[in-house]
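Notes follow the structure.
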Amino acid sequence: MENLKQIVKTAIKMEKDGIDFYKKAADKSSHPFGKKMFLSFMKDEERHLNVFKEILADLDFSGFEKYFDKTPREEIKTVFDQMRDDVKKKITASSDELEALQIGIKMEEESINFYQNWLKEISSDKEKKLLERLVLEEKEHYKILENTHSLLKDSGKWFLWEEKALINGG
């Protein structure tokens, strides 16, 4: 039980770090799409934090589903649809923005690994269901950040292989 409490506390710390990072990245982003993407990720991390705060109170993993109505990919698709014309314009990213994307990619990779390792250690179906959902969301963050990095490095190439998948949700 104490080990589980420590794992949940570590998850809370990771989510708080994610919130702080995405808030700062949004504040520094010069492009409206980047700003909205980072704010969307910040909201996701806030949801995750709220789940873990509830769990820490009584170590009960039931009822977390209320926090997961949309996936990050669905949310970004909505942002993309709203800003499609702006996103299609040639975007010049600052080195800070590219670095923020790379830091975000690394943070998401660490979160994925943390939740997947925790997943290997548990037997509770409720915990497994929550952790599987968190892995899914963190993997979507990772892919979106990676695709955005690709867009900013070479937007012409990105649109050849990514735009259709994002617009169609494929």
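Quick notes on this structure:
- Cross-link table LYS13/LYS126; LYS129/LYS153; LYS5/LYS36; LYS28/LYS128; LYS16/LYS129; LYS35/LYS126, entries beyond 30 Å C-alpha to C-alpha: LYS129/LYS153; LYS5/LYS36; LYS28/LYS128; LYS35/LYS126
- Available extension along the chain between LYS24 and GLN102 is 26.7 nm, counting 0.36 nm per residue and deducting the alpha carbon span.
- Heavy-atom accessible area with a 1.4 Å probe sorts THR10, THR148, largest first, into THR10, THR148.
- Calculated FRET efficiency for the pair LYS153/LYS129, C-beta based, R₀ 35 Å, to 0.05: 0.45
- 9 Å beta-carbon shell around ASP60, net charge (K/R +1, D/E -1): -1
The values are calculated or read from the model by the stated rules, or taken from the named source; none is laboratory data. Source: prediction; values computed, not measured. Positions of Cβ are backbone-derived with ideal geometry, glycine not excepted, and every protein chain shown enters the neighbour counts. Ligands, DNA and RNA are stripped out before the accessible areas are found, and what is left, the full protein with its side chains, is counted by its heavy atoms. Shrake-Rupley method; radii C 1.70, N 1.55, O 1.52, S 1.80 Å.
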